[in-house]
Amino acid sequence: MSLTVRPAAAPDAAAVARIYNEGIADRLATFETRERSTGEVTAWLESPLPFLVAERDGEVVAFARVSPYSDRCVYEGVGEHGVYVARSARGGGVGRVLLEALCAAAAERGFYKLTSRVFTDNHPSRAVHLAAGFEEVGIQRRHGRLDGRWKDCVLVERLLGDAAA
(Lines give C-alpha, C1' and ligand atoms only; values in the text may rest on other atoms or scores of the structure.)
Protein backbone atom coordinates (compact mmCIF):
# COMPACT_ATOMS: atom_id res chain seq x y z
CA MET A 1 0.00 0.00 0.00
CA SER A 2 1.58 3.24 -1.13
CA LEU A 3 1.12 6.60 0.51
CA THR A 4 0.67 9.75 -1.54
CA VAL A 5 0.90 13.24 -0.05
CA ARG A 6 -0.66 16.07 -2.05
CA PRO A 7 -2.32 19.46 -1.59
CA ALA A 8 -5.85 19.22 -0.21
CA ALA A 9 -8.71 20.01 -2.58
CA ALA A 10 -12.45 20.61 -2.24
CA PRO A 11 -13.37 16.94 -2.83
CA ASP A 12 -11.30 16.04 0.27
CA ALA A 13 -13.47 18.10 2.64
CA ALA A 14 -15.73 15.24 3.75
CA ALA A 15 -12.77 12.97 4.54
CA VAL A 16 -10.93 15.76 6.36
CA ALA A 17 -14.05 16.50 8.43
CA ARG A 18 -14.39 12.79 9.30
CA ILE A 19 -10.75 12.57 10.42
CA TYR A 20 -10.94 15.81 12.42
CA ASN A 21 -14.17 14.68 14.07
CA GLU A 22 -12.44 11.44 15.13
CA GLY A 23 -9.80 13.63 16.77
CA ILE A 24 -12.48 15.61 18.56
CA ALA A 25 -14.22 12.45 19.77
CA ASP A 26 -10.97 10.91 21.02
CA ARG A 27 -10.35 13.91 23.30
CA LEU A 28 -6.57 13.57 22.80
CA ALA A 29 -5.72 16.15 20.15
CA THR A 30 -7.82 19.31 20.44
CA PHE A 31 -9.76 21.42 22.89
CA GLU A 32 -12.57 21.51 20.32
CA THR A 33 -15.71 19.61 21.33
CA ARG A 34 -18.06 20.44 18.47
CA GLU A 35 -17.83 18.34 15.34
CA ARG A 36 -17.12 20.12 12.06
CA SER A 37 -19.23 19.83 8.93
CA THR A 38 -17.95 19.31 5.42
CA GLY A 39 -18.97 22.88 4.67
CA GLU A 40 -16.85 24.24 7.49
CA VAL A 41 -13.85 22.26 6.29
CA THR A 42 -14.41 23.48 2.74
CA ALA A 43 -13.91 27.02 4.08
CA TRP A 44 -10.54 25.95 5.54
CA LEU A 45 -9.44 25.06 2.01
CA GLU A 46 -9.75 28.70 0.96
CA SER A 47 -6.62 29.57 2.92
CA PRO A 48 -3.54 30.07 0.74
CA LEU A 49 -1.35 28.40 3.39
CA PRO A 50 -0.12 24.81 3.04
CA PHE A 51 -2.85 22.20 3.55
CA LEU A 52 -1.91 18.63 2.67
CA VAL A 53 -3.63 15.26 2.69
CA ALA A 54 -2.17 11.77 2.73
CA GLU A 55 -3.89 9.14 0.60
CA ARG A 56 -3.51 5.40 0.86
CA ASP A 57 -5.09 3.36 -1.92
CA GLY A 58 -7.16 6.35 -3.02
CA GLU A 59 -8.55 7.09 0.47
CA VAL A 60 -7.62 10.21 2.44
CA VAL A 61 -6.23 8.91 5.74
CA ALA A 62 -4.65 12.06 7.21
CA PHE A 63 -4.30 15.80 6.82
CA ALA A 64 -2.03 18.56 8.02
CA ARG A 65 -2.28 22.29 7.60
CA VAL A 66 -0.58 25.53 8.48
CA SER A 67 -2.42 28.52 9.92
CA PRO A 68 -1.07 31.93 10.92
CA TYR A 69 0.69 32.00 14.29
CA SER A 70 -0.05 35.68 14.83
CA ASP A 71 -1.25 38.70 12.90
CA ARG A 72 1.81 40.68 14.04
CA CYS A 73 4.22 41.25 11.14
CA VAL A 74 7.27 40.16 13.14
CA TYR A 75 5.84 36.60 13.17
CA GLU A 76 5.03 36.39 9.42
CA GLY A 77 7.41 33.46 9.00
CA VAL A 78 5.99 31.43 11.88
CA GLY A 79 3.15 29.03 11.20
CA GLU A 80 0.99 27.10 13.60
CA HIS A 81 0.19 23.62 12.39
CA GLY A 82 -2.11 20.72 13.06
CA VAL A 83 -1.87 17.11 11.92
CA TYR A 84 -4.63 14.50 12.20
CA VAL A 85 -4.49 10.84 11.21
CA ALA A 86 -7.55 8.62 10.83
CA ARG A 87 -7.85 5.97 13.54
CA SER A 88 -7.50 3.26 10.91
CA ALA A 89 -4.12 4.63 9.75
CA ARG A 90 -2.46 5.46 13.07
CA GLY A 91 0.83 3.87 14.03
CA GLY A 92 2.06 3.26 10.49
CA GLY A 93 4.28 6.29 9.89
CA VAL A 94 1.65 8.36 8.04
CA GLY A 95 1.91 11.26 10.49
CA ARG A 96 5.69 11.49 10.17
CA VAL A 97 5.60 11.47 6.36
CA LEU A 98 2.86 14.11 6.36
CA LEU A 99 4.65 16.35 8.87
CA GLU A 100 7.87 16.19 6.87
CA ALA A 101 5.97 17.13 3.70
CA LEU A 102 4.21 19.97 5.53
CA CYS A 103 7.55 21.34 6.73
CA ALA A 104 8.90 21.24 3.17
CA ALA A 105 5.79 23.00 1.83
CA ALA A 106 5.97 25.63 4.57
CA ALA A 107 9.66 26.28 3.93
CA GLU A 108 8.93 26.71 0.21
CA ARG A 109 6.35 29.36 1.18
CA GLY A 110 8.92 31.28 3.24
CA PHE A 111 8.10 30.02 6.72
CA TYR A 112 11.09 29.69 9.04
CA LYS A 113 9.30 27.90 11.88
CA LEU A 114 6.33 25.64 12.49
CA THR A 115 4.96 25.35 15.99
CA SER A 116 2.05 23.70 17.76
CA ARG A 117 0.72 22.67 21.14
CA VAL A 118 0.27 18.98 21.91
CA PHE A 119 -1.54 17.65 24.96
CA THR A 120 1.07 16.24 27.35
CA ASP A 121 -0.81 12.93 27.47
CA ASN A 122 -0.93 12.58 23.67
CA HIS A 123 2.14 10.36 23.54
CA PRO A 124 1.68 9.25 19.90
CA SER A 125 1.59 12.86 18.67
CA ARG A 126 4.59 13.80 20.76
CA ALA A 127 6.50 10.82 19.34
CA VAL A 128 5.61 11.58 15.72
CA HIS A 129 6.63 15.21 16.12
CA LEU A 130 10.00 14.17 17.54
CA ALA A 131 10.44 11.64 14.70
CA ALA A 132 9.73 14.42 12.18
CA GLY A 133 12.44 16.68 13.61
CA PHE A 134 10.38 18.82 15.97
CA GLU A 135 11.65 19.70 19.43
CA GLU A 136 9.69 20.02 22.65
CA VAL A 137 10.55 23.48 23.95
CA GLY A 138 8.24 23.98 26.90
CA ILE A 139 5.03 23.14 28.70
CA GLN A 140 2.03 25.40 29.05
CA ARG A 141 0.41 24.37 32.31
CA ARG A 142 -3.37 24.34 32.59
CA HIS A 143 -3.61 25.81 29.09
CA GLY A 144 -7.30 25.08 28.80
CA ARG A 145 -10.13 22.90 30.01
CA LEU A 146 -11.50 19.93 28.14
CA ASP A 147 -14.67 18.40 29.51
CA GLY A 148 -14.14 20.40 32.69
CA ARG A 149 -10.58 19.14 33.31
CA TRP A 150 -7.41 21.18 32.96
CA LYS A 151 -5.04 20.09 30.19
CA ASP A 152 -1.35 20.89 29.91
CA CYS A 153 0.24 21.34 26.49
CA VAL A 154 3.76 20.71 25.23
CA LEU A 155 5.06 23.35 22.85
CA VAL A 156 6.70 21.78 19.81
CA GLU A 157 8.57 23.61 17.09
CA ARG A 158 10.74 22.93 14.10
CA LEU A 159 13.00 25.50 12.51
CA LEU A 160 12.97 25.59 8.71
CA GLY A 161 15.21 26.93 5.97
CA ASP A 162 18.09 29.16 7.01
CA ALA A 163 16.73 29.38 10.57
CA ALA A 164 17.53 25.68 10.93
CA ALA A 165 21.17 26.14 9.89
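For the stretch 120-136, the set of residues classified as open to solvent by less than 20 Å² (accessible area, probe 1.4 Å) and either over 17 Å from PHE63 (Cα atoms) or part of a strand (DSSP E or B) (or both) consists of ASN122, PHE134, listed by residue number.
Table: residues versus (1) more than 22 Å from LEU130 (Cα to Cα); (2) charged (D, E, K, R).
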site	(1), (2)
ASP57	yes, yes
SER67	no, no
ASP71	yes, yes
VAL74	yes, no
HIS81	no, no
VAL85	no, no
GLY93	no, no
ALA101	no, no
PHE111	no, no
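For the stretch 25-79, a residue qualifies if it is farther than 26 Å from PRO124 by Cα and basic (Lys, Arg), and exactly one does: ARG72. Going through (1) of a type in the set (A, V, I, L, M); (2) open to solvent by less than 40 Å² (accessible area, probe 1.4 Å); (3) touching a strand residue (DSSP E or B) at 6+ places or on another chain (Cβ under 6 Å); (4) more than 18 Å from LEU160 (Cα to Cα) one by one, ILE139 falls short only on (2).
Name the residues in the stretch 110-119 that are more than 16 Å from LEU28 (Cβ to Cβ) and open to solvent by 50 Å² or more (accessible area, probe 1.4 Å), would you? GLY110, TYR112 - these are the residues of the stretch 110-119 that are more than 16 Å from LEU28 (Cβ to Cβ) and open to solvent by 50 Å² or more (accessible area, probe 1.4 Å). Of the numbered criteria (1) surrounded by 13 or more Cβ atoms within 10 Å (Cβ to Cβ); (2) in contact (Cβ under 8 Å) with a residue 40 or more places away in the chain, the one ASP57 fails is (1). Residues in the stretch 1-35 that are assigned to a helix (DSSP H, G or I) and open to solvent by 70 Å² or more (accessible area, probe 1.4 Å): PRO11, ARG18.
Could you list, ordered by first residue, the pairs with Cβ atoms under 6 Å in which the first is in the stretch 124-143 and closer than 17 Å to LEU102 by Cβ and the second is open to solvent by less than 30 Å² (accessible area, probe 1.4 Å) and outside any strand (DSSP E or B), at least 6 apart or interchain? Within 6 Å, the pairs are VAL128/GLY95; ALA132/LEU99.
VAL78 meets all of the listed conditions (1) β-branched (Val, Ile, Thr); (2) touching a residue at least 60 places away in the same chain (Cβ under 8 Å); (3) surrounded by fewer than 24 Cβ atoms within 10 Å (Cβ to Cβ) but one, namely (2). Scanning the stretch 142-165 for residues that are among the hydrophobic types (A, V, I, L, M, F, W, C) and surrounded by 12 or more Cβ atoms within 10 Å (Cβ to Cβ) yields LEU146, CYS153, VAL154, LEU155, VAL156, LEU159, LEU160, ALA163, ALA164.
The values are calculated or read from the model by the stated rules, or taken from the named source; none is laboratory data. Remember, it's a predicted structure, so these values are computed and weren't measured experimentally. Note that each Cβ is placed from the backbone with ideal geometry, even for glycine, and that neighbours are counted across all protein chains shown. With ligands, DNA and RNA removed, areas are computed over all heavy atoms of the protein, side chains included. Shrake-Rupley method; radii C 1.70, N 1.55, O 1.52, S 1.80 Å.
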